[in-house]
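First comes the structure, then the notes that go with it.
Bear in mind these aren't lab numbers, they're just calculated from the coordinates by the rules spelled out. Small disclaimer: the values here were computed from a predicted structure and weren't measured. Here Cβ is always computed from backbone atoms with ideal geometry, including for glycine, and neighbour counts include all displayed protein chains.
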Amino acid sequence: MKSRNILLALPCALLSLSAMAAGSHAGNHDDSAIGKPGVASKVTRTVTVDMKDDMRFHSSNFNVKQGETIRFVAKNSGKVKHEMVLGTQKDLKEHYEVMKKNPEMEHADANMVTVEPGKTGEIIWQFTKAGKVDFACLQPGHYDAGMKGLVNVAGGASSAQAASPAVVTVAAVDAKKDSTMVAPTDMADGEVRKVDMDTKKITIRHGEIKNLDMPGMTMVFQVKDPALLSKVKAGDKVRFKAEKSGGTIVATDIQPVK
Ligand SMILES: [Cu+2]
């Protein structure tokens, strides 16, 4: 896995990662369908999205041009937790169902931000494809109540998308090959994004977690034993086991993959 990643051009690293997740779960969120994580220096516009307890985004409709990188400043002026998640309608619905089953889950993908009451978060996203990109709050009950919005991406600008699908395909095949080499089905593949010793939490971009019926995404896990955190660091490929415990999801085993 390591040598293969070096072969991939650096800008493709994120794409191949999302493909890793997608590869192990058919119908999982395909970042290329909605765009890709944006770079702060390329932001062309900043828009504010106010999330309120009336279960609406203010505003909920945006027009952007293909290729544009937008900074969404997501402000929570309500009294309950809200989040803004960009996705296809299908992905959002799928994620919403997972959220309903696991209300305590904390996810941390680049296409989403979860915001505590009174706080502000942001998403920097590049819209690489013309069409419509949905967004929604996937907190239980909120999506059903109509907490959703739409980004209209007007076509025209040519973007450096041509090379991407090939890379995604290659990476997806790789991920499949890797996952067939994994023997125990309750161990999921992932890559560590962040290790937080203070809160005893670890952020992992992961493939499907079969025993939790959870598609690939980036999630923040509590760990059963803080000693697990000393074995890994950001960037490490890991296999890990996650289980439900007292309404939250806990990583009970984390093994670095060499
Ligand atoms: Cu909400």
Exercise. Ranked from highest to lowest mean number of other Cβ atoms within 10 Å per residue, what is the order of the peptides 135-145, 217-227, 116-126?
Worked result: 135-145, 217-227, 116-126
Exercise. In whole percent, what relative contact order does segment 27-154 give with Cα contacts below 8 Å and a gap of six or more residues?
Worked result: 36 percent
For this session: Compare the peptides 237-247, 200-210 by average per-residue count of other Cβ atoms within 10 angstrom and give them in order, highest first.
Result: 200-210, 237-247
Seminar exercise, completed: Between the modelled labels at Ala130 and Ser245 (7 Å from Cα along Cα→Cβ) the distance in nm is 5.2 nm
Exercise. So if R0 is 25 Å, what FRET efficiency would Val257 and Glu97 give, r being the distance between their Cβ atoms, rounded to the nearest 0.05?
Worked result: 0.25
Exercise. Hey, rough spin-label estimate for Asn211 and Asp144, points 7 angstrom out along Cα→Cβ, what's it come to in nanometres?
Worked result: 2.9 nm
Problem set entry | Neighbourhood net charge (12 Å Cβ-Cβ; Lys/Arg +1, Asp/Glu -1) for Met55 | 0
Exercise. By average Cβ neighbour count within 10 Å, what is the ranking of 86-93, 228-235 from highest down?
Worked result: 86-93, 228-235
